[in-house]
Structures are given as structure tokens and as C-alpha cells.
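Here the structure is laid out as C-alpha cells; the discussion comes afterwards.
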Amino acid sequence: IMALSNIFKCKPYRNMRFYFVGGHTIKYDNYLKSLCKEYKIDKYVHFEGFQDDVKKYYELLDFIILPSVSEGAPYNIIEAMSFGIPVIVSNVGGNHELVINGINGVIYEYTGIRELEQSKIYVKNYDEHLAIIHRDKINVENITKSIIKLLDMQNYDDIYKNNKEFINNKFSENIYIESI
């Protein structure tokens with residue numbers, strides 16, 4: 001949300017809209033909404049909550065941002081790529097196995113995760129962990145730069161094609177059946 005606030009300060013991007021699809025807890029979602037109000041971007045950010053059918057969002061979106069602090073192989077990256085949508089992801093978990101920086105999306109460095117884990121003896125819950133990491137100035141700048149980098153990329157058609165090829169070559173039904 002802090003990175004989105006930075007984006008809306010840039011004149012060319014003021015007419016953008018962002019959608020949060022999915023949800024955590026009501027308490028955490030309310031926290032995110034309060035941050036949007038605090039940074040005066042609540043009119044640009046829409047909270048959609050949990051959705052059984054996300055196809056309409058993939059057909060609507062120009063890109064997705066997945067600022068995870070921990071991942072295995074996130075299904076929503078694969079879904080987005082199957083629609084040809086570029087992704088902005090952190091360099092954690094299996095993200096770097098799915099996204100090739102500058103080819104089918106943008107990977108940004110998520111700093112301070114291990115240091116936080118080592119310095120904090122006790123974190124009450126995952127929401128607190130996220131709040132601490134997401135407010136880190138370096139990470140906010142990294143996300144902001146990644147969004148601008150993706151928006152300034154001129155090869156959206158190539159990204160679309162690369163994502164489709166990647167999915168067809170790595171995750172097609174035939175490949176799945178052969179692996180069984």
C-alpha cells in the first residue's frame with residue numbers, strides 16, 4: 001500500500017486502479033483499508049475479498065503484484081501467466097522459478113526478512129510479521145521501482161506470448177498427465 005501511494009504520486013499513473021482480491025482476516029483487511037485512507041489512496045484501491053471465480057479479474061487486470069514474504073509455487077502466478085498477465089513478485093520461495101525478470105514479469109529483492117526473524121524473539125502472529133516487513137522503506141522502494149519498471153516496459157505483447165509459452169511448455173495438461 002505504501003508502494004501504491006508512491007505510484008499515485010507520479011502523474012502518469014494517477015488514473016490507475018488496484019484491486020485486492022482474496023483476504024486474510026477481517027482485522028488485517030481493515031488494517032489494509034485504514035492504511036489506504038492514511039495514505040489517501042482509498043479511492044484508487046478496491047478490496048474485493050475472497051472470490052470463488054477469479055477469471056473476471058484476470059481478464060480485467062494489466063498485471064498482478066505478489067509481495068509475499070514466503071512462497072512455495074504460488075498458483076496465482078501460474079493463473080496470471082496463463083492469461084498472459086505480467087507479474088511483479090518478491091524473490092522468495094519458488095517465484096524465481098516461475099518468473100524470468102524482464103521477460104514475463106519483474107522480480108524485486110525483498111530485504112530484511114531473515115534479519116527480522118533473527119532479531120525478533122517473539123512475533124505474536126503472521127499479521128504483525130507482515131506489517132513490520134511491509135513498512136520497511138527499502139522494500140517499499142523496491143516494490144515501487146518494480147511497478148514503474150513493469151509499467152514502462154514496452155514489450156507487453158512479448159510478455160503475453162512468453163507467459164503463454166511458459167505455461168504451455170511447463171504446465172500443460174499433457175505434461176501433467178505424462179508426469180503421472
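The values are calculated or read from the model by the stated rules, or taken from the named source; none is laboratory data. What you are looking at is a predicted structure, and each value in this text was computed from that prediction instead of being measured. Here the Cβ positions follow ideal geometry from the backbone for every residue, glycine too, while neighbour counts run over all protein chains shown. Ligands, DNA and RNA are excluded from the accessible area calculation, which covers all protein heavy atoms including side chains. Shrake-Rupley method; radii C 1.70, N 1.55, O 1.52, S 1.80 Å.
A few notes on this one:
- Among the residues making up region 56-82, those that are over 16 Å from PHE20 (Cβ atoms) and in contact (Cβ under 8 Å) with a residue 60 or more places away in the chain are VAL69, ILE78, MET81, SER82.
- Looking only at residues of region 1-48 that are touching a residue at least 24 places away in the same chain (Cβ under 8 Å) and among the polar types (S, T, N, Q), we find that the one that is farthest from LEU150 (Cα to Cα) is THR25.
- Residue check for ASN169: open to solvent by 30 Å² or more (accessible area, probe 1.4 Å), at pLDDT 75 or above and either over 21 Å from LEU66 (Cβ atoms) or among the small types (Gly, Ala, Ser) (or both): yes
- Hits in region 84-112 (condition: under 13 Å from ILE159 (Cβ atoms) and either in contact (Cβ under 8 Å) with a residue 40 or more places away in the chain or open to solvent by 10 Å² or more (accessible area, probe 1.4 Å) (or both)): GLY84, ILE85, PRO86, ILE88, ILE100, ASN101, GLY102, ILE103, ASN104, GLY105, VAL106
- Region 20-43: number of residues that are open to solvent by less than 40 Å² (accessible area, probe 1.4 Å) and at pLDDT 90 or above: 2
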